[in-house]
Amino acid sequence: MEPRPLSFLIQTKLYPLSIIMRNLPIEIINVVVENVSSMTDLLQLRCLNQAYRDLVTPIAFTKLHIKNSIQSAQNFQQIIAATHLATHVREVVYDSRDDECFQFPQENIEVEDMLEVAELEEALTEAFCAIDALPRLECVTASFWPSFISQSGKEIRESPFWFTNRQLTVTHAIYHAMKTSRMTSLSLNNVVMMPPSRYDFVSSLTNSPLSHLSLSVVPNADISAWSGSKDINGSLGALLPLSNTTLKSLALRSPQGPYHSLETKLSSFHYPSLESLVLENTIFDQTPSPDGVEEFVIRQKSGLRHLELRSCASYVASPSFDARLWSSIWQRWATELTSLRELVVDGDSGYVVLNADWGYVTYKPISTIAAESDSSSLEMFRDAIASACTVVA
């Protein structure tokens with residue numbers, strides 16, 4: 001027989017565990033609380049008596065999970081308003097969905113659902129605008145999914161307009177609160193990059209408190225197929241903080257495919273304290289330019305210690321053109337990135353062309369000589385990093 005969860009044992013009339021646990025020494029109570037991982041069980045323990053309440057509260061309210069529903073957003077507001085609970089909150093997680101694959105569904109929203117969509121946006125806006133009242137808040141993670149749970153329990157699949165509008169609303173609210181919040185870490189997942197003018201609130205934050213920023217962006221091809229627009233995804237740079245000495249860690253990802261148009265527009269960004277940079281499914285320009293990713297990496301060279309490239313590719317303007325080989329990038333970085341201490345290259349560093357119908361597709365196979373040059377140049381880069389680490393040690 002599988003062991004019963006603690007909440008069952010506390011509630012059942014056939015097992016007097018709740019009576020026993022109320023009378024345990026405080027040292028034993030503390031051990032029990034520290035070894036309970038289920039939030040349901042923790043909240044049950046919290047109701048036993050004042051001793052349990054005092055021990056459980058800091059644990060149960062350290063990390064808050066906000067579902068994409070009106071009720072959950074309102075519950076979050078109540079916690080923020082309760083000083084004795086708000087003081088314990090260090091991390092806020094919005095709409096986390098474990099093991100769920102992001103995809104754009106066919107909408108099923110009806111006329112009567114429209115008012116609830118508007119009410120959801122209002123509740124989320126009020127909640128996230130108020131996070132500056134959480135005195136110990138350190139981290140916010142917001143994941144965006146094109147559906148929400150209605151008050152009747154029905155899953156409402158949204159249209160492109162409502163999904164992108166809610167995304168902007170929540171992001172704007174977070175940045176509004178960031179002006180006076182102690183938050184240092186922000187992760188935004190499943191982002192649709194709208195035109196830069198929609199993100200004026202990012203550039204208005206002249207003193208960003210962030211030391212870590214992570215962006216996971218929905219690929220252009222998926223957006224185009226869902227919304228019927230080929231222009232919806234704007235420049236990635238619209239969500240990057242202004243150049244500053246605060247940012248130490250930056251991750252730019254798209255687990256499902258290349259995330260940006262060729263106009264990355266990164267020339268104005270410099271983070272001299274940046275120590276870690278992660279790039280996933282990133283397209284490098286065929287010709288280095290100040291706006292491109294390659295130059296962006298080099299501008300951060302003074303402090304950069306950790307660099308990850310995951311499934312990145314080099315752009316080729318046409319199938320009839322010669323590719324700019326990765327070997328030239330590796331060789332250049334080996335010369336420039338002298339402070340680097342760790343390099344992770346995961347997956348093939350390939351080559352792509354842009355197809356009008358299919359998006360980025362694989363470029364024709366490069367020659368054996370070119371492939372060997374890419375491989376040997378990468379190994380020489382890694383050897384240079386290893387040698388630098390040895391000298392420092």
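The figures follow:
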item	result
Sole residue being surrounded by 19 or more Cβ atoms within 10 Å (Cβ to Cβ) and assigned to a loop (DSSP other than H, G, I, E, B), chosen from Leu120, Leu124, Leu188, Leu137	Leu137
Top-ranked residue in region 260-295 [being aliphatic (A, V, I, L, M) and not in a strand (DSSP E or B); ranked as surrounded by the fewest Cβ atoms within 10 Å (Cβ to Cβ)]	Leu262
Arg157 vs. criteria at pLDDT below 95, closer than 28 Å to Val278 by Cβ and either in contact with a helix residue (DSSP H, G or I) (Cβ under 7 Å, 6 or more places away or on another chain) or not assigned by TED's automatic domain parsing to the domain that holds Leu274 (or both)	no
Count of residues meeting criterion [surrounded by fewer than 16 Cβ atoms within 10 Å (Cβ to Cβ) and touching a residue at least 12 places away in the same chain (Cβ under 8 Å)] in region 349-376	4
Looking only at region 95-104, and only at residues there that are surrounded by 13 or more Cβ atoms within 10 Å (Cβ to Cβ) and modelled with pLDDT under 80, the one that is nearest to the chain's Cα centre (by Cα)	Phe102
Filtered residues of region 154-170 (kept if in a helix (DSSP H, G or I) and farther than 22 Å from Pro258 by Cα)	Phe161, Trp162, Asn165, Arg166, Thr169, Val170
Residue match in region 163-177 (condition: crowded, with 17+ Cβ neighbours inside 10 Å, more than 28 Å from His212 (Cα to Cα) and modelled with pLDDT under 90)	no
Selection within region 279-290 - within 21 Å of Gly359 (Cα to Cα) and not β-branched (Val, Ile, Thr)	Leu279, Glu280, Asn281, Phe284, Asp285, Gln286
Any hit, region 302-323, residues being within 29 Å of the chain's Cα centre (by Cα), small (Gly, Ala, Ser) and more than 17 Å from Tyr360 (Cβ to Cβ)	yes
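The values are calculated or read from the model by the stated rules, or taken from the named source; none is laboratory data. Predicted model only: the values in this text are computed from it and were never measured. Using ideal geometry, Cβ is built from the backbone for each residue, glycine included, and neighbour counts are taken over all protein chains shown.
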